[in-house]
Amino acid sequence: MSEHYIEFAHVYKTFDRPVLVDVSFHIDAGETLAIIGRSGVGKSVSLGHIMGFLKPDKGDIWVAGQNITQLPESELRLIRKKVTMVFQSGALFDSLTVGENIEFSLELREDYDQANKEEVVRGLLAMVELEDYADLYPTSLSTGHKRAVAIARALAAQPDCILYDEPTTMVDPIMGDHLAALMLRLKTQLKLTSVVVTHDLDLMRRVAEKVVILHEGHAIYFGPVAELESSQHEHIKEFLAMDRVA
């Protein structure tokens, strides 16, 4: 057992090259962790390991306090009821309306009749401020609105933890601000544990207590967001300087 909700302990993963090299970090229940780094450094690979889609070559991973490193798929499915993921693409079904996409997550709920399901869908759309979008199809939505719908669909499963893969990438600043405010609201109101993969340091500062920075496969910083600015690591100083210029 781990005392943390999610923990990586000396995790290694190699594909055609090393992607994660002796990576360790943890997050406690109710906290938000940001995973930061340039493209190809293992951010999304880390999310894949948390969901159990990938297994480490070496090291251990705990999710919901349980070591999932060697769990069979049948037991990983139980973990995925507690931890859900919002993909960068939104991963919505284009043939279903927004409301039907959200309701899809409720199909296996035998304790809900159709009226219950419709009520839950309305409530979730209100939570993400998309009440008037229920009958629209995903193809008519902006990238940001698709992600908000994907968040609502993830919440329908009543998870303890949400993983966000680049939630504000390729959205305009107003929608990015809306998504950040939504993520913060879910954290404070629902006490959700969250992991956010992002390039967006403003988003990191708004929603996360902890951050892990990946560089060339290594976790070169893990700790409080508030202490990041005082890091003396050359790559981190360069990364922060570039963000200030941007």
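The values are calculated or read from the model by the stated rules, or taken from the named source; none is laboratory data. Keep in mind that this is a model prediction, so the values were computed, not measured. No Cβ is skipped: glycine too gets one built from the backbone with ideal geometry, and neighbour counts run over all protein chains shown.
So which residues in the stretch 128-154 are in contact (Cβ under 8 Å) with a residue 60 or more places away in the chain and aliphatic (A, V, I, L, M), if there are any at all?
Passing the criteria: A150, I151, A154.
Could you list, in sequence order, all residues of the stretch 13-24 that are more than 22 Å from H233 (Cα to Cα), of a type outside the set (V, I, T) and surrounded by fewer than 21 Cβ atoms within 10 Å (Cβ to Cβ)? First the steps, then the outcome.
Step one: list which residues in the stretch 13-24 are more than 22 Å from H233 (Cα to Cα), which gives 13-17.
In the following step, the residues that additionally are of a type outside the set (V, I, T) were identified as 13, 15-17.
Those that are more than 22 Å from H233 (Cα to Cα), of a type outside the set (V, I, T) and surrounded by fewer than 21 Cβ atoms within 10 Å (Cβ to Cβ): F15, D16, R17.
Taking the condition closer than 22 Å to F93 by Cβ and of a type outside the set (G, A, S), does L141 pass? Walk me through how you get there before you give the answer.
Values: closer than 22 Å to F93 by Cβ: yes; of a type outside the set (G, A, S): yes.
When the stated conditions are applied, L141 passes them.
For the stretch 147-157, check the following and say yes or no: at least one residue is out of contact with any Leu (no Cβ under 9 Å at 6 or more places or on another chain) and surrounded by fewer than 20 Cβ atoms within 10 Å (Cβ to Cβ).
no
Scan the stretch 159-170 and give yes if some residue there is modelled with pLDDT under 90, buried (at least 21 other Cβ atoms within 10 Å of the Cβ), among the β-branched types (V, I, T) and over 23 Å from H4 (Cβ atoms), otherwise no.
For the stretch 159-170, residues modelled with pLDDT under 90, buried (at least 21 other Cβ atoms within 10 Å of the Cβ), among the β-branched types (V, I, T) and over 23 Å from H4 (Cβ atoms): present.
Which condition from (1) free of Cβ contacts under 8 Å to residues at least 12 places away in the same chain; (2) within 20 Å of the chain's Cα centre (by Cα) is the one that M51 breaks?
(1)
For the structure I just gave you, tell me whether N101 is within 30 Å of P138 (Cα to Cα) and either more than 21 Å from the chain's Cα centre (by Cα) or of a type outside the set (S, T, N, Q) (or both). Please lay out each step first, then the result.
Details: within 30 Å of P138 (Cα to Cα): yes; either more than 21 Å from the chain's Cα centre (by Cα) or of a type outside the set (S, T, N, Q) (or both): no.
Judged against the criteria, N101 is not a match.
From the list D94, D22, which residue is out of contact with any helix residue (DSSP H, G or I) (no Cβ under 8 Å at 6 or more places or on another chain) and acidic (D, E)?
D22
Which of the residues belonging to the stretch 1-24 are among the hydrophobic types (A, V, I, L, M, F, W, C), part of a strand (DSSP E or B) and closer than 14 Å to G48 by Cα? Show your work before the answer.
Filtering the stretch 1-24 for residues among the hydrophobic types (A, V, I, L, M, F, W, C) gives 1, 6, 8-9, 11, 15, 19-21, 23.
Next, only the ones that are part of a strand (DSSP E or B) stay: 6, 8-9, 11, 19-21, 23.
The answer is I6, F8, V11, V19, L20.
Does L228 qualify as being in contact (Cβ under 8 Å) with a residue 24 or more places away in the chain, of a type in the set (A, V, I, L, M) and surrounded by 15 or more Cβ atoms within 10 Å (Cβ to Cβ)? Before the answer, list the steps.
Working: in contact (Cβ under 8 Å) with a residue 24 or more places away in the chain: no; of a type in the set (A, V, I, L, M): yes; surrounded by 15 or more Cβ atoms within 10 Å (Cβ to Cβ): yes.
No.
Please name all residue pairs, on different chains or six or more residues apart, with Cβ atoms under 6 Å, provided the first residue is in the stretch 67-91 and is within 30 Å of Y137 (Cα to Cα) and the second residue is of a type in the set (K, R) and buried (at least 17 other Cβ atoms within 10 Å of the Cβ).
Final answer for the pair search is G90/K146; G90/R147.
Working carefully through the options H233, H199, find the one that is in contact (Cβ under 8 Å) with a residue 12 or more places away in the chain and either surrounded by fewer than 15 Cβ atoms within 10 Å (Cβ to Cβ) or of a type in the set (G, A, S) (or both).
Testing whether each residue is in contact (Cβ under 8 Å) with a residue 12 or more places away in the chain and either surrounded by fewer than 15 Cβ atoms within 10 Å (Cβ to Cβ) or of a type in the set (G, A, S) (or both) leaves just H233.
Failed condition for H145, given (1) modelled with pLDDT of 90 or more; (2) over 23 Å from S44 (Cα atoms), with all others met?
Of everything listed in (1) modelled with pLDDT of 90 or more; (2) over 23 Å from S44 (Cα atoms), H145 misses just condition (2).
One line per residue, one yes/no per condition, for (1) touching a strand residue (DSSP E or B) at 6+ places or on another chain (Cβ under 6 Å); (2) not polar (S, T, N, Q):
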{"site": "L163", "(1), (2)": "yes, yes"}
{"site": "P167", "(1), (2)": "no, yes"}
{"site": "I174", "(1), (2)": "no, yes"}
{"site": "Q189", "(1), (2)": "no, no"}
{"site": "S194", "(1), (2)": "yes, no"}
{"site": "D202", "(1), (2)": "no, yes"}
{"site": "V211", "(1), (2)": "yes, yes"}
{"site": "F239", "(1), (2)": "no, yes"}
